[in-house]
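This report concerns only the one structure given below.
The values are calculated or read from the model by the stated rules, or taken from the named source; none is laboratory data. A quick note: this is a predicted structure, and the numbers were derived from the prediction, not measured. All Cβ positions, glycine included, derive from the backbone under ideal geometry; neighbour counts span all protein chains shown. SASA here: full protein model, heavy atoms, side chains in, ligands and nucleic acids out. Shrake-Rupley method; radii C 1.70, N 1.55, O 1.52, S 1.80 Å.
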Amino acid sequence: MYQIGTTLTQFILEEQRKHAGATGEFSCVLNDIALACKKIAALTSKGDLIGVLGSAGSENVQGEEQKKMDIITNDVMIEALSRGHAAALASEEMDEVYNLPSNIPRGHYLVTFDPLDGSSNMDVNVSVGTIFSIMKAPEGVENPTAADFMQPGTKQVAAGYCLYGPSAIMVLTTGNGVNMFTLDKDCGEFLLTREDVKIPADTKEFAINVSNQRYWEPPMQRYISECLLGVEGPRGKDFNMRWVASMVAEIHRILTRGGIFIYPMDSKMKAAGKTGKLRLLYEANPMGFIVEQAGGMATTAYSRIMELQPTDLHQRVPVVMGSRNEVELVTGYHNA
Ligand code: AHG
Ligand code: MN
Ligand code: MN
């Protein structure tokens, strides 16, 4: 139990004290990320005033258009994490693993991140976020390569996101529940505002991009059409729909009041040789860890996301996560 208002820094130090023999390196990585998120919160709130909106005129390794802020926030993350506490970094916006410059001492942690999730929302002033995941580098590895990042989500030691909305909120799990810290801009600190958050097992709210409906597999067609039939249909209740197009905002809503978030596999992606929309190492695993730690469930519609063996840094996967009973139902339809 922590007092509401405890700073994120105090929280990290108190957690460190529970681990005999902790060197403080892991705490430093978390502090580095918190610093980056404070900087990104300041940048997002200034927006057009500092000319950061719009396209950068380039593409990332996955062929997606990069926004100016995708590149700026990636640089902010690299800068904050280049203090000798991390071993190597991998990001949605970088083709290869980023090894710290040789003059910087290497730590023992691998950090993966989506520096700006929902970046297309920047230009229209809708919520965006930063997602991160922390793993241990394999023992004895001095210069981590992509192969060292190929660890299933169950190996994550921490994951979190920072949502930049009306307020900036850091949501963190170190495998011992989920806590939320709101940025108090007056004192420059993230302060604990919600402890041990739990997702309700049932919900009447779903989030899916319905414009792709004609490409979905039959079990997904069945699930959503049953939701849409409402109180007259087999579910016997009316559903509501939300789609922010920022996974961070969707998952935050689900942590707050329940719901299900779905980005399914579809025939259009399949024809293009894609294995899903969202990225396993930067989005699905960290969010899956948070959702599970909050009592929810996270699957590909067929199996548990966190047990997937990654094969590629930028691997994409289908995602179904949120309120346990809904995710179980969808997953059951797919495995029938
Ligand atoms: P990113 O901005 O990091 O590329 O991620 C966007 C993702 C996710 O956050 C969101 O749920 C989804 O893409 C939006 O997809 P649509 O374009 O289909 O709405
Ligand atoms: Mn994203
Ligand atoms: Mn992104």
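Key figures for this structure:
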| read-out | value |
| --- | --- |
| Pick from segment 236-287, criterion free of Cβ contacts under 8 Å to residues at least 60 places away in the same chain and at positive phi, ranking: nearest to ligand 3 (Cβ to nearest atom) | GLY276 |
| Within segment 87-116, considering residues that are open to solvent by 10 Å² or more (accessible area, probe 1.4 Å) and not in a loop (DSSP other than H, G, I, E, B), the one nearest to ligand 3 (Cβ to nearest atom) | TYR98 |
| Conditions (1) within 16 Å of ligand 1 (Cβ to nearest atom); (2) more than 25 Å from PRO310 (Cα to Cα); (3) among the hydrophobic types (A, V, I, L, M, F, W, C): number failed by ILE131 | (2) |
| Members of segment 123-140 found to be open to solvent by 10 Å² or more (accessible area, probe 1.4 Å) and either of a type in the set (Val, Ile, Thr) or within 11 Å of ALA158 (Cβ to Cβ) (or both), listed by number | VAL124, VAL126, LYS136 |
| Pair list, Cβ under 9 Å, 6 or more apart: segment 90-105 residue closer than 18 Å to GLU64 by Cα, other residue more than 16 Å from ligand 3 (Cβ to nearest atom) and of a type in the set (Gly, Ala, Ser) | ALA90/ALA146; GLU96/ALA146 |
| Cross-chain or 6+ apart pairs with Cβ under 9 Å, segment 1-24 first and more than 24 Å from HIS108 (Cβ to Cβ), then of a type in the set (S, T, N, Q) and open to solvent by less than 100 Å² (accessible area, probe 1.4 Å) | TYR2/GLN10; TYR2/ASN179; ILE4/THR193; GLY5/THR193 |
| Count - residues of segment 223-236 that are in contact with a helix residue (DSSP H, G or I) (Cβ under 6 Å, 6 or more places away or on another chain) and either farther than 27 Å from GLN293 by Cβ or part of a strand (DSSP E or B) (or both) | 3 |
| Filter pass, LYS38 being more than 16 Å from ligand 3 (Cβ to nearest atom), outside any strand (DSSP E or B) and surrounded by 14 or more Cβ atoms within 10 Å (Cβ to Cβ) | yes |
| From the options GLY160, GLY258, GLY177, residue that is outside the structural domain of CYS28 (by TED's automatic domain parsing), closer than 22 Å to VAL291 by Cβ and of a type in the set (Gly, Ala, Ser) | GLY258 |
| Every residue from segment 140-158 that is within 24 Å of ALA298 (Cβ to Cβ) and in a helix (DSSP H, G or I) | ALA146, ASP148, PHE149, GLY153, THR154, LYS155 |
| Test: residue in segment 299-312 that is of a type outside the set (A, V, I, L, M), more than 16 Å from ligand 3 (Cβ to nearest atom), open to solvent by 50 Å² or more (accessible area, probe 1.4 Å) and part of a strand (DSSP E or B) | yes |
| Residue selected from segment 159-193 under the condition assigned to a loop (DSSP other than H, G, I, E, B) and of a type in the set (Gly, Ala, Ser), by the criterion least open to solvent (accessible area, probe 1.4 Å) | GLY177 |
| Qualifying residue in segment 307-316 (condition: of a type in the set (Val, Ile, Thr) and under 17 Å from ASP266 (Cβ atoms)) | no |
| Candidate set from segment 67-83 (those that are out of contact with any strand residue (DSSP E or B) (no Cβ under 8 Å at 6 or more places or on another chain) and either open to solvent by 10 Å² or more (accessible area, probe 1.4 Å) or of a type in the set (Ser, Thr, Tyr) (or both)); member that is nearest to ligand 2 (Cβ to nearest atom) | ILE72 |
| Residue within segment 53-65 that is buried (at least 19 other Cβ atoms within 10 Å of the Cβ), polar (S, T, N, Q) and within 16 Å of ligand 2 (Cβ to nearest atom) present | no |
| Candidates TRP243, TRP216 - the one that is under 20 Å from ILE305 (Cα atoms) and at pLDDT 95 or above | TRP216 |
